[in-house]
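What follows is a short report on a single structure.
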Amino acid sequence: MLKKGPVTPQQAEISAFLGKSTEFNGVLSFTGTIRVDGKVTGEIVSKDTLIVGNDAYLNGEIGVGTLICSGKIEGNITAAQKIHFIAPAVIRGNIITPALILEDGVLFDGNCEMKAIKQPEQKVVSIADRQQG
């Protein structure tokens, strides 16, 4: 059972794991919670939770629901729910999120914009609409 309060990397139920020796280049999209301890270059996209471990290095654009990071990220980050940076995280880039937790010992070099982020709405098209259009 999870404790109340912020989810730590040790508490989250992880559906995928990229270990220390893993390198990934391209667009990484996922559902659920994943933990990265390796190197990712490119774009990361999800409505769910990304956990970045101490040994991880991410370079690129990140758009997730929740980010929990104690590793190194170079690139812009957008999180719809929250971002939690845990020491010894090093962040170089701009962030947009409605909620930010920045612990002592974290290095953040960039700009922060705290605002609610709207999830893209899916338009429902009826059969009658398709026949008319």
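Take the conditions within 17 Å of I14 (Cα to Cα) and part of a strand (DSSP E or B) and apply them to T66. Does it pass? Even if it seems obvious, please write down each step before you answer.
Working: within 17 Å of I14 (Cα to Cα): yes; part of a strand (DSSP E or B): yes.
Criteria met by T66.
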Hey, I73 hits all of (1) free of Cβ contacts under 8 Å to residues at least 40 places away in the same chain; (2) in a loop (DSSP other than H, G, I, E, B); (3) closer than 24 Å to A116 by Cβ but one; which does it fall short on?
(2)
Every residue in region 34-60 that is closer than 16 Å to I86 by Cβ, touching an Asp or Glu at 6+ places or on another chain (Cβ under 7 Å) and either surrounded by fewer than 21 Cβ atoms within 10 Å (Cβ to Cβ) or in contact (Cβ under 8 Å) with a residue 60 or more places away in the chain (or both), please.
D37, G53, D55
Within region 61-114, track down each residue that is charged (D, E, K, R) and either more than 24 Å from G32 (Cα to Cα) or surrounded by fewer than 16 Cβ atoms within 10 Å (Cβ to Cβ) (or both).
E61, E74, R92, E103, D104, D109, E113
Among the residues of region 30-47, which ones are in contact with a Ser or Thr (Cβ under 6 Å, 6 or more places away or on another chain) and farther than 16 Å from I73 by Cβ?
F30, G32, T33
Failed condition for E23, given (1) closer than 24 Å to M114 by Cβ; (2) free of Cβ contacts under 8 Å to residues at least 24 places away in the same chain
(1)
If a residue has to be more than 15 Å from V45 (Cα to Cα), in contact with a Gly (Cβ under 9 Å, 6 or more places away or on another chain) and assigned to a strand (DSSP E or B) to count, how many in region 83-101 make the cut?
3
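Might you check whether a residue that is within 17 Å of F30 (Cα to Cα) and of a type outside the set (K, R) occurs anywhere in region 91-103?
no
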What single numbered condition from (1) part of a strand (DSSP E or B); (2) within 12 Å of the chain's Cα centre (by Cα); (3) not hydroxyl-bearing (S, T, Y) fails to hold for K47?
(1)
Which numbered condition I117 misses (of (1) surrounded by 14 or more Cβ atoms within 10 Å (Cβ to Cβ); (2) of a type outside the set (K, R); (3) at pLDDT 95 or above; (4) in a loop (DSSP other than H, G, I, E, B))
(3)
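The values are calculated or read from the model by the stated rules, or taken from the named source; none is laboratory data. Nothing here was measured: the structure is a model prediction, and the numbers come from that model. Using ideal geometry, Cβ is built from the backbone for each residue, glycine included, and neighbour counts are taken over all protein chains shown.
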